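Before any comments, here is the structure.
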Amino acid sequence: MAGLEPIMLEAASDILDGASKGNSALLHTGFDAPEDSIEVRCIQSGYREYLAIKDKLNLPLIESGALVVAWDEEQLAKLPAIVAKAHRNGVGDVVQIDRDELRKREPSLSERGLGAVHVPGEHIIDPWSAPLAYAHQGLAHGGKVLRRCRVTGGAFDGVRWTLQTTLGNVVAGVVINAAGNHGDLVEAINQPPAFAITPRKGQFVVFDKPASKLLHAIILPVPTERTKGVVACRTAFGNLLVGPTAEDQTDRDRAEVDHAMLEQLIAKGVEMIPELAHHSVNAIYAGLRPATQFKDYQIAVNRERRWITAAGIRSTGLTAALGIAQMIGRGFAETFGDVREAEPIWTPVPNLAEERPRQYMTEAGGDIVCHCELVTRGEIAAALEGPLPAGDLGGLKRRTRCMMGRCQGFYCSAQVLAMAEGRLQP
Ligand SMILES: Cc1cc2nc3c(=O)[nH]c(=O)nc-3n(C[C@H](O)[C@H](O)[C@H](O)COP(=O)(O)OP(=O)(O)OC[C@H]3O[C@@H](n4cnc5c(N)ncnc54)[C@H](O)[C@@H]3O)c2cc1C
């Protein structure tokens, strides 16, 4: 949108922190989302926009499809209802398949699979390059990002907000609260929040690259009321992922992994794909979903207080991000006016996905620094520069994948840290 001067205030040293740091990276169709919800609308408009702009932003799409697998008779009996719900949600290509078809599609899956629902439109994407590309586009259109800028309070004088932050006061005509796991705390600056965030942790295990050959589709469980359940899928980076768990906690920032749960996830993976028993795990991580007491997202525009809420974006926000942006953009224009559509400036990001040409395959990148993930000196140097350079080591890893492979930085960290010296927050 033109005519605005947006500033993103980010408490962390880098973007791609918070809930967006650790997710499953699935591009959802909304086949199983709550019907007639804000969530399903945002997922589906976000999904469509991702497909429309991904090439312009150089973002990947691994067209895997998904299979909701029934592992016992009780789950098998639930499959027709999953298909019917998908159709009601407008995802018309979803069908039930039998045991033989399942075996044909996924020969490595345990023979215990009795049948499945096939969802051809569910895909795998890069969890970090997408939000990074959107942020770059915002900057190209005149937006600003202030990092290490925590909003701690604010006052509204009837016309504008003065937000208190750790970098001083920031004056704004309209505030958008998109604070993830801190959404209710930031909301309280405006009014007593109508929702409370309870972070829901999801732990994951990442199997080494050869394991990715064991699957084609995303393997989903028959969902429960509380969670989509444990998924097994390839990643855009050529690994195989098993997770997430669903564990409520009070800590809003720290997502710790624990040995017992990871053992359970590995066992679950092996139960689904027996061959996984012969593959090694090369990374573990956890993310925190900003869950509330409600199933739906909490999105609202408050005209009088000049405040927009975008909270409770729990398990589907990577997909829904562009749809949420559309919804907020419309709400903003209708309520506060004085904005117009801008001609988009495209800000492609470097490709990190295995299925497409990487920089190490060309002359441009120079020598390889991270040999596990094949990250070049050029890629690392580029991530340390530009309009939104990596703010901390986590941000550098997420922008390039350096130190995220089999050795977890054992061999390359000295070189990476030498290149980054003086540029990253501890
Ligand atoms: C385990 C797990 C699996 C998931 N799988 C998928 C998936 O497969 N597909 C999918 O589409 N989605 C998935 N998601 C959901 C997706 O990751 C989230 O919905 C999304 O990241 C939420 O983004 P957000 O911007 O609302 O929150 P965040 O990413 O947390 O962003 C909020 C930001 O606000 C900052 N902040 C907080 N308080 C303040 C303050 N006071 N001042 C300034 N800044 C502040 C934080 O530092 C943070 O960076 C998953 C999530 C998890 C945790």
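The values are calculated or read from the model by the stated rules, or taken from the named source; none is laboratory data. These figures come from a predicted structure and were not determined experimentally. In this analysis, Cβ positions are derived from the backbone assuming ideal geometry, glycine residues included, and neighbour counts consider all displayed protein chains. Just the protein is used for accessible areas: all its heavy atoms, side chains included, with ligands, DNA and RNA removed. Shrake-Rupley method; radii C 1.70, N 1.55, O 1.52, S 1.80 Å.
A few notes on this one:
- With every protein chain in place, the chain: carbon and sulfur % of accessible area (1.4 Å): 53 percent
- Three-way shape call for the chain based on the alpha-carbon gyration tensor, with the a/c threshold at 1.5: oblate
- Normalised per residue, the accessible area of the stretch 359-420 is 45 Å², obtained with a 1.4 Å probe and no contribution from ligands, DNA or RNA.
- Entry comment: accessible area of the stretch 100-223 is 39 Å² per residue, from protein heavy atoms only and a probe of 1.4 Å.
- For the set HIS259, HIS28, the ranking by accessible area, highest first and with no ligand, DNA or RNA atoms included, is HIS259, HIS28 under a 1.4 Å probe.
- One Cα centroid belongs to the stretch 9-87, the other to the stretch 229-290; the line between them spans 18 Å.
- Net lengthening on full extension, THR152/GLN264 (0.36 nm per residue, minus Cα-Cα): 36.4 nm
- Per-pair calculated FRET efficiency, R0 = 51 Å: THR250 and HIS371 via Cβ, rounded to 0.05: 0.80
- Listed residues SER20, SER212 arranged by accessible area, highest first, probe 1.4 Å: SER20, SER212
- Using a Gaussian network model of the chain in which every pair of alpha carbons under 10 angstrom is joined by a spring, one finds that among MET361, MET261, MET272 the greatest mean-square fluctuation is at MET361.
- Note on surface exposure: LYS56, LYS213 rank LYS213, LYS56 by accessible area, highest first, 1.4 Å probe.
- Three-way shape label, the stretch 359-420, alpha-carbon gyration tensor, a/c 1.5: oblate
- The stretch 318-397: C-alpha gyration tensor shape, a/c 1.5 cut-off, then a/b vs b/c: prolate
- Annotation for GLU111 and PHE336: the two label points, set 7 Å from Cα along the Cα-Cβ direction, are 6.2 nm apart.
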